[in-house]
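These notes are about the structure you will find just below.
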Amino acid sequence: MRDTAGRSIRIDDLAAPRLPRALRAANALLAPVARRLFPLDPGSLTAAARRRERAGDFGDASFEEPLRVLCDALAREADLSPVGRLLARELLLGLLATRLRLAALLREHPEIERERVEAPLVVLGLPRTGTTHLHELLAQHPSLRSLPYWESLEPIPARAVRLGAQPDRRRRRCEQALRLQHWVMPLFPALHEMRADAPHEEIQLLAADFRTMLFDASAHVPSYGAWYRSQDQTSAYRFLQRVLQALQWLRGPKRWVLKSPQHLGQLGPLLAVFPDARIVHTHRDPARVVASMCTMLAYGLRMQSRRVDPLAVGRLWGERIAAMLDASLRDRALVPAAQVLDLRFGDFMADEIGAALRVCEFAGLPAHDGVRRRFERYQAAHPRGRHGRVDYRLADFGLDAGAIRARLRAYAMQFGVDSED
């Protein structure tokens, strides 16, 4: 990415991705056999996961319906490439393995479920509102526990790894997956940098319960997305709580800093499970957010889809983002006033370190000079835009800034969000 550092990047192949020649060859080679080699039905997936893990207990059957709905959507709507089928199968097998490993760990150590997930600090907001940079800064605080990307993919080590009988290769596998991702999508670091050790969203943990917006953000599965939004997600957040209990039991510290745009539409379940959460709600001009998020989603679809339709992405996600912001506005009254801090994007950009220290004070965390120096060192090593700055255009998705702002006028007025034109 050295050649793009500091430059404006225009992604001009969203509708017709220019894929590496070797990937095109692999898709052609696998096309006749992909469905047979990489089945995506629930029965095949659960059986294969049990064989891999040499275990049979998933803990409970609550995941079966969402897995069935997801597999049906993948089969009918996702238009996966042959390599995409392989990647989707490996993702689902990995999530099933997490359930098997968690169930085994809880059987061995029932005391884990007595762990307290106390007053997690939750960064709440859409991508491109400053959430990632704020989350990564806060994760440098010595009193907070965050989730590195490698751990989010495989949160529970295999029993042989826990006992020291086998080396822990989870980080190495994550690095290999990132190399593949960057080979297929070399501009992705400019959209959303992913590093094995960087703090990551807990949406990967929710995915192991198969109730999460992760799936419809990475594949075209609108029926799954509609089903997911129609369901009470409290049980999914209780599953998340169990994984966090296990992780903090495996290694501390025990106060979490979390972050996911999914929580915008799930404040009720979030607070039902984590009633003492401290929430930092970030805000930005929604037209800017929609443009950048649609770009990231459309660019990411090339990883596993045979075709990408940016206009379909715009229709689906323009409204979905609006619905998430509507839900956050509707449910804001559920959050006690002392437990929420609003942070506008412009204010954060004007003084990132000062904003992070203000969040620490809000959350009851030390904000002394030592903490400031940690934040400053991290900021100096990870400057914004170091992989270039993407030129986001709503027109690529058939969307209009004025219409988006009109649709979300109530949200903008409530939180004092200004247009960035």
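The values are calculated or read from the model by the stated rules, or taken from the named source; none is laboratory data. What you are looking at is a predicted structure, and each value in this text was computed from that prediction instead of being measured. Cβ coordinates were reconstructed from backbone atoms using ideal geometry, including for glycine residues, and neighbour counts include every protein chain displayed.
When the residues of region 199-227 are filtered to those that are among the hydroxyl-bearing types (Ser, Thr, Tyr) and either in contact with a strand residue (DSSP E or B) (Cβ under 6 Å, 6 or more places away or on another chain) or buried (at least 23 other Cβ atoms within 10 Å of the Cβ) (or both), the one that is nearest to Ala158 (Cα to Cα) is Thr212.
Across region 145-189, which residue is nearest to Leu206 (Cα to Cα) among those that are of a type in the set (A, V, I, L, M, F, W, C) and over 19 Å from the mean Cα position of the chain (by Cα)?
So the first thing to find is which residues in region 145-189 are of a type in the set (A, V, I, L, M, F, W, C), and the list is 147, 150, 153, 156, 158, 160-161, 163, 165, 174, 177-178, 180, 183-185, 187-188.
The next check asks that each one be over 19 Å from the mean Cα position of the chain (by Cα); those that pass are 158, 160-161, 163, 165, 183-184.
Numbers: Ala158: 19, Ala160: 25, Val161: 23, Leu163: 26, Ala165: 29, Trp183: 27, Val184: 26 Å.
Out of the qualifying residues, it is Ala158.
Scanning region 193-227 for residues that are under 21 Å from Ala73 (Cα atoms) and part of a loop (DSSP other than H, G, I, E, B) returns Ala208, Asp209, Phe210, Arg211, Thr212, Met213, Ala219, His220, Val221. Starting from residues that are in contact with a strand residue (DSSP E or B) (Cβ under 6 Å, 6 or more places away or on another chain) and not charged (D, E, K, R), keep the ones in region 369-417 and report whichever is nearest to Ser328 (Cα to Cα). Filtering first and then ranking leaves Phe415.
Quick check on this structure: which one of Leu74, Leu40 is in contact (Cβ under 8 Å) with a residue 24 or more places away in the chain, assigned to a helix (DSSP H, G or I) and either surrounded by 16 or more Cβ atoms within 10 Å (Cβ to Cβ) or in contact with a helix residue (DSSP H, G or I) (Cβ under 8 Å, 6 or more places away or on another chain) (or both)?
Details: Leu40 fails: assigned to a helix (DSSP H, G or I).
Unique residue meeting the criteria: Leu74.
Quick one: is Ala395 over 13 Å from Asp285 (Cα atoms) and assigned to a helix (DSSP H, G or I)? Taking the combined requirement at face value, the residue satisfies it. Only one of the numbered conditions (1) assigned to a helix (DSSP H, G or I); (2) free of Cβ contacts under 8 Å to residues at least 24 places away in the same chain is violated by Pro383, and that is (1). Only residues that are out of contact with any helix residue (DSSP H, G or I) (no Cβ under 6 Å at 6 or more places or on another chain), surrounded by 17 or more Cβ atoms within 10 Å (Cβ to Cβ) and either of a type in the set (Val, Ile, Thr) or in a helix (DSSP H, G or I) (or both) were counted across region 107-125, and they come to 1. Here Ala367 meets the list (1) assigned to a loop (DSSP other than H, G, I, E, B); (2) under 30 Å from Ala287 (Cα atoms); (3) without any contact (Cβ under 8 Å) to a residue 12 or more places away in the chain almost entirely, failing just condition (2). Can you confirm whether Arg7 is surrounded by 12 or more Cβ atoms within 10 Å (Cβ to Cβ) and either closer than 30 Å to Asp391 by Cβ or modelled with pLDDT under 95 (or both)? Spelling it out, Arg7 is indeed surrounded by 12 or more Cβ atoms within 10 Å (Cβ to Cβ) and either closer than 30 Å to Asp391 by Cβ or modelled with pLDDT under 95 (or both). Cβ-Cβ contacts under 9 Å between residues 6 or more apart (or on different chains), taken from a first residue in region 305-330 that is buried (at least 16 other Cβ atoms within 10 Å of the Cβ) and assigned to a loop (DSSP other than H, G, I, E, B) to a second residue that is among the small types (Gly, Ala, Ser) and modelled with pLDDT of 95 or more, are listed as Val308/Ala15; Val308/Ala16; Val308/Ala298; Asp309/Ala15; Asp309/Ala298.
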